[in-house]
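Inspection log for the structure reproduced underneath, given as structure tokens.
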Amino acid sequence: MNAVIIYAYLTAILILIWVMYSKEKKLHRGLIQSLKDEREKSARYIEDLDGLLFMLTQFQEMGMAYRKAEDLTHLCDLIVEYATELADTDIGSLMLIDKKTNRLSIKAAKGLSEEVILKTSMEIGEGIAGRVAQEGKPIYCENIEKDVRFMRDSNAKYGSKSFMSLPLKVKNKVIGVLNINKKIAGQNFREREQRLLSILADQAAIAIENIQLYEDMKHMYLGTIQTLAKAIDARDPYTKGHTARVTKYAVEIAKEMKLPYKLVRNIEIAALIHDIGKIGIKDNVLLKPGHLSDSEYEKIKKHPRIGEQIIAPIEFLTNVAPLVLYHHERYDGNGYLEGLKAEEIPIGARIIHVADAFEAMTSSRPYSSGISKEKAITELKTHSGRQFDPKIVKAFLKILARNGMLEERETNGNGEKTDSAGAAS
Ligand SMILES: [Fe+2]
């Protein structure tokens with residue numbers, strides 16, 4: 001009897017132990033699971049935070065880059081670069097609607113052949129991009145070959161299966177389409193990429209609209225400036241073509257010196273209008289043949305200041321004005337207006353000074369015939385380090401030696417034979 005009781009007692013204890021162990025095990029498993037869940041949750045949070053940080057950095061960088069864009073083409077290149085980076089792909093294109101033809105064409109692209117870029121042009125409503133432009137809504141496609149919506153559209157030329165086409169809209173008006181493609185079928189865009197690219201497209205559209213407005217305004221101003229430049233040359237028939245030749249030399253030198261794009265453009269504009277201040281000089285002084293009296297020379301010397309005052313109010317010519325103002329300063333400080341020397345003189349003004357002097361030396365006037373190219377080159381070398389910046393003279397001589405610019409003989413507007421410096425032969 002005792003043995004039965006002991007046996008039952010032991011069994012009860014074992015059952016109790018087993019129940020407790022099972023509970024403990026369950027609790028343990030639950031604990032491990034919740035720890036796993038927490039770890040996964042944390043990983044997701046970290047991933048989201050990383051994504052957010054990446055997104056913020058990208059948009060900050062994009063905003064800064066857009067502001068630095070040199071022109072519309074540069075801006076479109078930047079947009080495609082950022083969009084493909086965000087989507088982690090090598091294929092993308094940005095199409096804009098031509099205001100005159102109302103057709104879409106590629107303005108910037110990555111991963112597409114030159115032939116595709118040049119030949120792609122479509123009507124609004126035509127093809128996938130045309131449809132996006134017409135409807136103003138994005139299209140996402142995972143696999144074009146299996147998507148019934150695009151059975152008639154071929155995306156083979158892009159070599160991609162999945163893609164995203166987003167409208168570039170400003171105030172509900174579509175101005176273009178951003179296309180981002182993935183090469184491999186099934187390599188789809190994640191939700192985060194879709195969101196990011198949609199924000200990017202909105203930002204890009206505004207930046208494009210702004211730069212287009214700015215460029216339109218610039219073209220208008222430049223048109224006026226070129227008309228003014230022609231008017232300056234027209235006042236003195238003997239210096240006809242002077243401005244165009246000075247501009248050509250100055251731009252060549254600036255490029256040879258590998259100056260930044262924006263500076264080269266400013267030098268080009270400054271060279272075109274460097275003598276615009278002569279508008280304010282009376283004909284009896286400006287067109288006087290032979291030597292000028294001291295007082296007449298003093299009047300002529302005012303033209304850089306008058307020129308600077310004319311263009312100073314024009315905002316986009318802010319960096320051009322100093323080049324006009326100082327184009328008669330000499331490297332040794334003996335020039336006018338302020339007697340600046342060497343690096344004190346803006347590089348653009350130093351370049352225009354060399355180009356202007358060379359053109360003037362080799363051109364014929366009614367009271368003096370131009371000197372030969374060899375003599376002009378000797379003059380440049382003799383005055384290098386005095387009147388002229390030696391670095392600029394060196395660059396100019398390199399250009400002259402390389403492309404034989406002076407050897408070319410062209411026909412001027414009057415049908416006369418001229419050398420490239422414009423001196424009638
Ligand atoms: Fe001048």
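A short reminder: the numbers here are calculations on the coordinates, not readings from a lab. This structure is a prediction, so every number in the text was calculated from the model and none was measured. All Cβ positions, glycine included, derive from the backbone under ideal geometry; neighbour counts span all protein chains shown.
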- Item | Shape category assigned to region 264-396 from the gyration tensor of Cα positions, a/c cut at 1.5 | oblate
- Where a Cα-Cα gap under 21 Å defines reach, which lysines qualify for Lys373, not counting those fewer than 8 residues away within the same chain? Lys240, Lys248, Lys381, Lys391, Lys394, Lys398, Lys417
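Rounded to the nearest whole Å³, what is the per residue volume of the convex hull around the Cα atoms of region 68-212?
103 Å³
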- Considering region 232-313, what Rg and Dmax in Å follow from its alpha-carbon atoms? 14.5, 42
- Message: Under 10 Å, Cα contacts only: if you run a Gaussian network model on the chain, which one of Met62, Met95, Met257 comes out with the highest mean-square fluctuation?
- Response: Met257
- Message: I want to verify a result. In a Gaussian network model of the chain, Cα cutoff 10 Å, which of these has the top mean-square fluctuation: Ala270, Ala376, Ala204?
- Response: Ala376
- GNM of the chain, Cα pairs under 10 angstrom: of Ser113, Ser42, Ser198, the biggest fluctuation goes to Ser42
- Query: In Å, what Rg and Dmax follow from the Cα atoms of the chain?
  - Reply: 35.5, 148
- When all Cα-Cα pair distances of region 1-155 are considered, the percent exceeding 20 Å is 71 percent
- Sites matching trypsin sites (Lys or Arg not before Pro) across region 231-260 that sit in DSSP coil, with at most 13 neighbouring C-beta atoms within 10 Å: Lys258
- Dipole in debye (nearest 20) - the chain, about Cα centre, beta carbon charges: Lys, Arg +1; Asp, Glu -1: 560 debye
- Item | Inter-centroid distance (Cα atoms) of region 1-57 relative to region 190-206, Å | 44 Å
- Report relative contact order for region 236-419 in percent, whole number only (criteria: Cα-Cα under 8 Å, sequence separation at least 6). 21 percent
- Quick one: order Leu263, Leu53, Leu196 by neighbouring beta-carbon count within 10 Å, fewest to most. Leu53, Leu263, Leu196
